[in-house]
Amino acid sequence: MTSPATGAPGGAVRPALLLAAAVAWSGVHVLSGLRARLQLDCPQAFAVALVVLVVAVAVALAPLAGRGDARMADGTAWALAAVPTVLALLELPNVPDAAVAGHVTWWPAACAPVLAALGVRRRGRHAVLAAVAATAAVWLQLSARTGDPGASLLATTAVVDALWVWALVGLGAGMLLEYSSGRVAWLLREAEEERARRAAATARREAAATRRAELQRDAVPVLQAVLAAGRQGCIPPDLRARSAETGALLRDQLRAPALLDDALREAVRRARRRGCEVTVADDTAPGGPTLPGAAGEDARLADARALATAAVTALPRGSVAVRRPPDGVLLTVVVTADAEAARAVAARLEQVAAARGLTGLDVDVTVEDGAGELFAELRPEQGPDSRLSGG
């Protein structure tokens, strides 16, 4: 399960624990700072710093509680990264020299929720930059007080050590969550691909079973009848025609299993019974044609089937060859017949293309001495430059 706020596996449990610890840590140091400020009798600066901190924590944590987008904008990240520096500028001028390294400097530890939230919300680098900027602000102020940059550096380390701890925690949390979300995305992609492979394998098995059932239904009875007639020494003409038709359908199924569906198969059968010569081929898969229902079958294949069925159905006489070439063209149709038959097929192709919204169909009809030839080509490009024409 993935957290909607962070994208981390296992829900929001781990980020929530980290943020809860940061808030508790911050609360303890805020109380410590309040007590110290009351003792120093300067609560006004503390109140301003506390308001800044509370607002920053609210801005950082509210989206993780489901209020707003968990993705942090660049402007918000930089504003939160500036909070430790702002607190340093508000607090240090009011802290006596003797109390600089003591519990009066409560704000570095109190910034823990802001730095942790930066990490959880994929802004770990901003948390580190926040620590760098605050450290520089503290060192510059202490150096101005003492006039000794070296000694001020040691004092600065004592002041901002908690700030760096939580900055590094935020950076580590961000890196861990980024890795976890990437791992989850990879696992989801693998699962989706595995489901697609299984669906394709199932579709192939079902298609193969359908083809076997069709062979059992169409071819086996004809073969049995031919064998029985052969034993008697005489094969009737109608049986010869049936066996030739069955053999042609079997060749079509071997040459174009992806293109042939029930509608096209029936159209081919009827055209051959009308005396037409029909050829169906699919050369798009060199390693073996894809069976219907397998992965990769899409609307373009449905368009090719529809046009092939229309061409075969509309042909009253003559020959037609429908083919899926391997060069990216979706379908080619070649008709050799008389002029009237060629024009009838052209009109039907244009009608089906218009009904399906296809703009990548080119149809060319050549008529000479009463004979007609048609060549049609369906391309996948369906932009404004594609044309639909007839001759």
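Worth pointing out:
- The residues T313, T85, sorted by heavy-atom accessible surface at 1.4 Å with ligands and nucleic acids left out, run T313, T85 from largest to smallest.
- Cα centroid separation, the stretch 123-160 to the stretch 298-361 (Å): 78 Å
- Amide H partners (placed H, <5 Å) of A258, local residues excluded: T290
- Accessible area of D218 (1.4 Å probe, protein heavy atoms only, ligands and nucleic acids ignored): about 50 Å².
- Rolling a 1.4 Å probe over the protein heavy atoms leaves F46 with an accessible area of roughly 10 Å².
- Karplus-derived 3J(HN,Hα), 6.51/-1.76/1.60, for each residue of the stretch 118-132, Hz, glycine and proline x: 4, x, 5, 9, 6, 10, x, 5, 5, 5, 5, 5, 4, 5, 4
- Distance (nanometres) between label positions extended 7 Å along Cα→Cβ at A299 and T366: 3.5 nm
- Applying 1/(1 + (r/R0)^6) with R0 = 45 Å to the Cβ-Cβ distance of L89 and A196 gives a FRET efficiency near 0.20.
- What the phi angles of the stretch 315-324 give under the Karplus curve with 6.51, -1.76 and 1.60, with θ = phi - 60°, is a coupling list of 6, x, 6, x, 10, 9, 10, 10, 8, 9 Hz, glycine and proline written as x.
- The solvent-accessible area of E214, taken with every protein chain present and a 1.4 Å probe, is close to 30 Å².
- Backbone amide hydrogens, once placed in the peptide plane, bring A82 within less than 5 Å of nothing, excluding anything fewer than 5 places away on its chain.
- Backbone phi angles across the stretch 240-255, fed through the Karplus curve with coefficients 6.51, -1.76 and 1.60 (θ = phi - 60°), yield HN-Hα couplings of 4, 5, 4, 5, 5, 5, 5, x, 5, 5, 5, 5, 4, 5, 6, 8 Hz in residue order; Gly and Pro are listed as x.
- Order of exposure, largest accessible area first, which applies to R324, R189, R348 with probe 1.4 Å: R189, R348, R324
- Förster-model FRET efficiency, 22 Å R0, R204 and A263, C-beta, rounded to 0.05: 0.55
- Amide proton proximity set for G372, modelled H, under 5 Å, gap of 5+: A337, D338, A339
- Order of exposure, largest accessible area first, which applies to M72, M175 with probe 1.4 Å: M175, M72
The values are calculated or read from the model by the stated rules, or taken from the named source; none is laboratory data. All figures in this text were calculated on a predicted structure; none of them were measured in a lab. All Cβ positions, even for glycine, are placed from backbone atoms using ideal geometry, and neighbour counts span all protein chains on display. Heavy atoms of the whole protein, side chains included, go into the accessibility calculation; ligands, DNA and RNA do not. Shrake-Rupley method; radii C 1.70, N 1.55, O 1.52, S 1.80 Å.
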